[in-house]
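In what follows, a single structure is set out as structure tokens and then discussed.
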């Protein structure tokens, strides 16, 4: 009779998830055990005497090929969706910008979140979304009141909200602030204040800057499309010039960026911008501010074009040998500034995002777009470019029309005689500085003011 075997342990009793000391194995322990078992099974033979065949591992080339195909497909999907929304009307572009705001905010907030602590603190996530809702209420309300005051100010329901919009927004923020302070818990102060600061940084760098992109849409589709397309084309040109001529590393945060690609993309982006501007200036749908949210590429828009789009005659110095004058729209000069900013400054938004990802040791901000990462990975340069476009437009291009009769009426009914004299004096000084009136008139006004 065979003797029973003692002190023999079988794997199916102990399981694969526990080590010799009874604790759960780590992922590295499991992978090592699996590799040992795999190496031993490779030498085993099947029932027919032949070696068991194993599925070969996927090569690095196949992985890159699959990633490239996925990335290309989603690139065309995004391009198609972008142009489709732009042709369908401004309201669809605004919806896309809003979605980008929300998703990008979610991705950035998730970086600094610690799930275990967030679970113990009930209101952490709720407060983050409350800050977002409050900020968007304030920003969207400002835009609606500014661009559609002729609708808002005559509606008896909307009028109180429009009149007191900023105070309402401030009180909403105060409520969130008080709630945050009341929710502070011992042992979690550092985490809670980190979340507070991180959320406000995300609100400024993402939500506020994206809001200015939305305002660009209201000013005219060209002020949205040109900055976006310049950044995209600059990225493409930088890649092409980099792999063709790249030799010198540009910045350590992005080792693949080269000086040659940087400069080459600058030149090609300006060429693209000049050509695209010449095309877009021919269509009022692109150059007219929004006066009908239901308009699209087929119905079009009607307006008096901004003088920046109208060709002017420029005279060259008399010593210039080839020709003495030429006609060109001022916008073709402004686009040189836009192209330069998109090429030399906007990429630093991407470098900033790269540094942030290195800080938290992550590859992408998310996985919202297959093959591309998160929305933030694609929009990191667009935020600062859109902000610049808004500031540049309102500083150098926008035309502010004020009724002369309205100004005179306001000055007569709302100012005292002394204030009216100061107004005339200030306007006269401005006209003198512009070379419109001689200095004698200004002296007479100053003398009249002193006599009073």
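Some notes on this structure:
- Gyration tensor (Cα) of region 300-452, equivalent ellipsoid semi-axes in angstrom: 48, 26, 17
- The alpha carbon gyration tensor of region 145-223 gives principal lengths a ≥ b ≥ c with a/c of 1.5 or higher and a/b no greater than b/c, which makes the shape oblate.
- Relative protection proxy for 201-212, 423-434, 310-321, 88-99, from highest mean packing down: 201-212, 88-99, 423-434, 310-321 (other beta-carbon atoms within 10 angstrom).
- Region 136-151 and region 329-390: distance between their alpha carbon centers, rounded to Å: 27
- Taking the square roots of five times each eigenvalue of the Cα gyration tensor of region 404-451, the equivalent ellipsoid has semi-axes of 21, 15, 6 Å, listed largest first.
- Ordering 126-132, 411-417 by mean Cβ neighbour count within 10 Å, with the highest value first, yields 126-132, 411-417.
- Tensor-based shape of region 222-293 (alpha-carbon gyration tensor, a/c under 1.5 rounded, otherwise prolate or oblate): prolate
- Per the Cα gyration tensor, region 189-231 maps to an equivalent ellipsoid with semi-axes of 32, 10, 4 Å, ordered largest to smallest.
- Over region 298-380, Cα pairs under 8 Å with separation of 6+ residues give a relative contact order of 16 percent.
Where a number appears in this text, it was derived from the coordinates with a stated rule and is not lab data. Quantities reported herein were computed from a predicted structural model and do not represent experimental measurements. Glycine gets a Cβ as well: all are built from the backbone with ideal geometry, and neighbour counts include every protein chain shown.
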